[in-house]
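Data first, discussion second: the structure below is written as structure tokens.
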Amino acid sequence: MNWLKLARNLTLQVEPTNACNLDCKICMRRNFQRPVRFLPLDEFTKILASGNFGYVGLHGWGESLLNQQLFDMVEYAEAKGVSTNLTTNATLLEDNMDGILKSGLREIAFGIYEKELFTKVIPQIERLIEEKGRRNFNRPKTYLDITIYEGNLEQITELVRLASDMGIDAVVLHRLFNVYKVDPSVKYITAGEEQELFARLRQLASSLKLELYLPHKHSYPCRIVNRSIFVTVEGKVSPCTYLPDVYLGDALEQGVDKVMQSRVYKDFIKNMKNHPICSRCQW
């Protein structure tokens, strides 16, 4: 693998914290036995410096806005020419309005999986979009990020319409990752339902002139692992956000670039199709 060639297109995903103010039934964090931690700025800068990244996503298994140094991280990355993205449950937008708008944050995604939660945070999202317009800012670009599952199948069309009405720039849909069976009652839709949903959403997005990003068919080698690397709040390097317990090295001690050049990383990539989790993934 040519590391320098890969790095130019590589997304660094960093977990600012594993603390969260919600307990969503579709979230894997309820399965974890990790002490709550907040990534310090100095560790973030060290991680970022350990590779030639073009993009950094600030998210993981916690609510990123709970980290009080989050916008220092955004400002630091943007000053280094690294584009930044933040994923949030949108419950703390009001308290972080200035940081979101002044830090230079490139993109912000509102992670929503059901209408009830979305309804609660709509006023905060609308306020952010309104304030962004009032200040005549182009950033951050806003996304509604919807996780598809059986329980929200009939709500998704309405969620997309609401996003368009509110002035959200784009909608991203993800498949439920339920290999770990976090909640037995939470299931993914059938292949036929997915096909019908995607066709309906493409038509709707076209009529609304709304950007829409749908998940691709899962393939090997995994496009997610090929394009990104995940670093946990403890500084552990994992090939994927959904493999937070699969540690290939330490970003703080070795550096991300050294981990990705290691035999451990290369063996993981080579054997991914036979991995007990990756082999069952459809994300």
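So here's what we get for this one:
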item	result
Candidate lysines for bridging to Lys132, where Cα separation is under 16 Å - those fewer than 8 sequence places away on the same chain excluded	Lys102, Lys141
Helix-only CD estimate at 222 nm, as mean residue ellipticity for the chain, using -39500 (n - 2.57) per DSSP H run (n ≥ 4)	-10000 deg cm²/dmol
Considering only the chain, percent of DSSP beta bridges that pair antiparallel, nearest 5	15
Hz values of 3J(HN,Hα) by residue in the stretch 229-240 - Karplus curve (6.51, -1.76, 1.60), Gly and Pro given as x	9, 10, 10, 6, 5, 8, x, 7, 8, 10, x, 7
The stretch 163-210 versus the stretch 92-149: alpha-carbon centroid distance in Å	19
Total charge dipole magnitude, the stretch 1-155, about the Cα centre, Cβ charges on Lys, Arg, Asp, Glu only, Debye to nearest 20	480
Max mean-square fluctuation residue, GNM over the chain, Cα-Cα springs under 10 Å, options Arg175, Arg134, Arg106	Arg134
List Glu130, Glu63, ordered by accessible area with a 1.4 Å probe, largest first	Glu130, Glu63
Cys20, Cys281, ranked by accessible area, largest first (probe 1.4 Å)	Cys20, Cys281
Note, ³J(HN,Hα) from phi for the stretch 73-87, Karplus 6.51, -1.76, 1.60, rounded to Hz, x at Gly and Pro	5, 4, 4, 5, 4, 5, 5, 8, x, 9, 5, 10, 9, 10, 10
The chain: C-alpha gyration tensor shape, a/c 1.5 cut-off, then a/b vs b/c	oblate
Rounded percent of accessible protein surface that carbon and sulfur make up, the stretch 63-216, 1.4 Å probe	45
Principal axis dimensions, largest first and in whole angstrom, of the stretch 43-176 by Cα	44, 35, 23
Anchor Lys209: aspartates and glutamates whose Cα lies under 18 Å away (excluding residues fewer than 8 positions away in-chain)	Asp145, Glu158, Asp165, Asp169
Most mobile listed residue (Phe198, Phe177, Phe71) in the chain, GNM with C-alpha springs under 10 Å	Phe198
Isolated Cys in the chain, by beta carbon distance under 4.7 Å	Cys20, Cys222, Cys240, Cys278, Cys281
Accessible area of the stretch 141-182 divided out per residue, in Å², using a probe of 1.4 angstrom	36
Rounded to the nearest 20 debye, dipole of the chain from Cβ charges on Lys, Arg, Asp, Glu	1040
Amide H within-cut-off set for Leu86, under 5 Å, with H built and near neighbours excluded	Leu58, Glu107, Ile108, Ala109
Within a Gaussian network of the chain (alpha carbon springs, distance under 10 Å), most fluctuating of Thr91, Thr45, Thr142	Thr45
Charge dipole of the stretch 217-283 about the Cα centre (unit charges at C-beta), most positive-ward option of Ser219, Tyr265, Cys281	Ser219
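The values are calculated or read from the model by the stated rules, or taken from the named source; none is laboratory data. These figures come from a predicted structure and were not determined experimentally. Neighbour counts run over all protein chains shown; Cβ positions are idealised from the backbone, glycine included. Please note that ligands, DNA and RNA were not included when accessible areas were found on the heavy atoms of the full protein model with its side chains. Shrake-Rupley method; radii C 1.70, N 1.55, O 1.52, S 1.80 Å.
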